[in-house]
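Bear in mind that the values in this text are calculations on the coordinates, not laboratory data. Predicted model, so just to flag it, every value in this text is computed and none were measured. For neighbour counting, all protein chains shown are included, and Cβ atoms are generated from backbone atoms with ideal geometry for every residue, glycine included.
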């Protein structure tokens, strides 16, 4: 008979949507809320397998939200170019706590569609994501 240390521990089945263990699936408890501002969460790869993964849950709860996992996001150029107003949820050295960096690139008096970019990770990892993806610096100043 094999010792317990010799047996490979099989991974628990996970929900394919919320990524929680199937026995603790939260999908039935998450209502999808309509939101006017598009939310784009840029998640560091180390956070994707975090047991809580609150970024995934937040995106699941918004109708107009997307989660991208990585450090470098080449598709951001097109996403930012298509947005009328870009907001980056990340503190800037020169900004006070009450300031928000934003810019409107819409023309012809039409209301600008808004995009909120949210880096997800520890401060160090979020700073790395912001630094590695400079596509929004031209419109954020």
Fill in the blank from the handout: Considering residues that are in contact with a strand residue (DSSP E or B) (Cβ under 9 Å, 6 or more places away or on another chain) and closer than 17 Å to residue 92 by Cβ, the number found within the stretch 112-132 is 9
Problem - Positions within the stretch 16-57 being in a helix (DSSP H, G or I) and in contact with a strand residue (DSSP E or B) (Cβ under 7 Å, 6 or more places away or on another chain), in sequence order - result: 22, 45, 47, 48, 55, 56
Handout entry: the stretch 42-60, subset surrounded by fewer than 16 Cβ atoms within 10 Å (Cβ to Cβ) and in contact (Cβ under 8 Å) with a residue 12 or more places away in the chain, residue nearest to the chain's Cα centre (by Cα)
Key = 45
